[in-house]
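The values are calculated or read from the model by the stated rules, or taken from the named source; none is laboratory data. Here the structure is a predicted model, which means the values were calculated and not measured. Every residue, glycine as well, gets a Cβ built from its backbone with ideal geometry; the counts of neighbours run over all protein chains shown.
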Amino acid sequence: MTSQLAAPHLMPASSVSLDQRIRGTVPSRVLTEFVTTSALFPILDAIRVVSSEGLLRYLTEPSHYALVAASLVQAWFLGTAEKDNWQTRFVGNILGFGLYAPLDLAIEGVDFFAQPYHWLFALLSLTLAVLSALQSLRRDNQNWQAATTLLLNTSKVALFPAMYFITEQNVAEFSQVSWAGWQEYMASSGHRFIFYGALFFGALLGLAEAQRNRYAQFLRSLAGQLKKYSEWSLGSDLIANALNNPGALNLRRVEKTILFMDIRGFTAWSEHADPQTVVEMLNRYYNAAEEIIARHNGHKPNFTADEIMTRFESAPAALKTARELQHVLHPLLGSLNLAVGVGLNTGEVIEGLMGSTGTRKYDIIGDAVNTAKRLESAAGPGEIVMSGQTYRKLTTLPTQASTRTIQVKGKSDLLQIFVING
């Protein structure tokens, strides 16, 4: 315990957020898109040229660099797209060919249209674009997802026997591709083995990917629910920090400015109000307070009946929050003849996970917390009461603050406080 409390501050969190962990980082999404789809034709084309004409021929043709560049742009577009809808998928899957065609036209001229491989690239791109767009239309239908995934993988794998057919038949121009030539090609048992074997493995890959996608969808849904539940108590920043740094939730000594807020007259009012009315008012009260606290980078607040507690890294942020809380909550509570009192105190606390083996909570304890609670109890309706420790931490001192002394439970000396009427 001693070594944990000696830690002065949290270790810096990695730049990878929880959302990125669920969806995958941009580099990982781009790389996956490149190796599974966008680079499929360039890689097989490179193998074709290198195996038939040699590596030097491949490296000295500018069109090959244009093909790889266009594929990289396509992978980047699909991997970084904010919206994963059918329009994005359709445009993204034909983007590589759309960029490559004018580039190669500038290099080869009209001979571009005579190349059978270019027509094969266009057909593959269009097929993948249509199937990928169809796949995104019915995300909630597992059978639809399985069917489109199977067709997508079969289409990708079918590229191999198609390119092999063109190479084996020595087809120099697209006009030479014919049904008779295909029949002649398929007359060979070896060619039939390659063709049907490729389609079979494409179907197997499609079924395996459909199963993985179904399981991944379940995990994403589960992770999303767990994320939402965890953020209710910890907040997204703390969760992300804990995922990247396992020691982030350990107990440690830190200086914080603690804010307590309570509704004056709530108990008496709630005794005579309808329970549904009380709950609805508290929910509005919680929502308004949490939005303000988050805007000023406060910690996820703790709600206990009408009491709210949170903490801040700096006293100025805590005071700004307290002022805005008084300003925003006054019209909400004023109609019920209620108001809030706020207490602020700055000091060293112990922060981290604490509790039993089965029940734990990320919280803070210490004399500074107890003092902040006492100051809040001393605040009248509409008042902000702060300790001298908080007052001296302010960068701009409030001109309208008045001072008085109070007796705080657990302390022998009188405590000087600074009071701002909200």
query: Would you call Ser270 surrounded by 13 or more Cβ atoms within 10 Å (Cβ to Cβ), assigned to a helix (DSSP H, G or I) and among the hydroxyl-bearing types (Ser, Thr, Tyr)?
result: yes
- line: Across the stretch 103-129, the tally of residues that are part of a helix (DSSP H, G or I) and within 24 Å of Ser155 (Cα to Cα) stands at 17
- prompt: Would you pick out the residues in the stretch 218-250 that are within 16 Å of the chain's Cα centre (by Cα), over 21 Å from Asn302 (Cα atoms) and touching a residue at least 24 places away in the same chain (Cβ under 8 Å)?
  reply: Arg220, Ala223, Gly224, Leu243, Asn244
query: Is the stretch 384-392 home to any residue that is assigned to a strand (DSSP E or B) and not hydrophobic (A, V, I, L, M, F, W, C)?
result: yes
task: Check the stretch 65-75 and report whether any residue there is at pLDDT below 90, aromatic (Phe, Trp, Tyr), surrounded by fewer than 16 Cβ atoms within 10 Å (Cβ to Cβ) and over 21 Å from Ser28 (Cα atoms).
output: no
- request: Scan Asn283, Asn297 and give me the residue that is surrounded by fewer than 19 Cβ atoms within 10 Å (Cβ to Cβ), part of a helix (DSSP H, G or I) and assigned by TED's automatic domain parsing to the domain that holds Thr395.
  value: Asn283
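With the requirement that a residue be assigned to a strand (DSSP E or B) and of a type in the set (S, T, N, Q), what does the stretch 337-352 give you?
Asn345, Thr346
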Conditions (1) surrounded by 20 or more Cβ atoms within 10 Å (Cβ to Cβ); (2) in contact with a Lys or Arg (Cβ under 6 Å, 6 or more places away or on another chain); number of the one not met by Leu353: (1)
query: Do we find a residue being in contact with a Phe, Trp or Tyr (Cβ under 7 Å, 6 or more places away or on another chain) and not in a loop (DSSP other than H, G, I, E, B) anywhere in the stretch 402-414?
result: yes
message: Any residue that is under 19 Å from Leu72 (Cα atoms) and surrounded by fewer than 18 Cβ atoms within 10 Å (Cβ to Cβ) - is there at least one of those in the stretch 149-158?
response: no
message: For the stretch 217-226, check the following and say yes or no: at least one residue is at pLDDT below 85 and in contact with a Leu (Cβ under 7 Å, 6 or more places away or on another chain).
response: no
statement: The residue that is farthest from Ser230 (Cα to Cα), considering only those in the stretch 307-336 that are β-branched (Val, Ile, Thr) and outside any helix (DSSP H, G or I), is Ile308
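Would you tally the residues in the stretch 356-375 being modelled with pLDDT of 90 or more and assigned to a strand (DSSP E or B)?
First, pick out the residues of the stretch 356-375 that are modelled with pLDDT of 90 or more: 365-375.
Checking which are assigned to a strand (DSSP E or B) leaves us with 365.
Here the count works out to 1.
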Every residue from the stretch 247-267 that is at pLDDT 90 or above, surrounded by 17 or more Cβ atoms within 10 Å (Cβ to Cβ) and assigned to a helix (DSSP H, G or I): Phe266
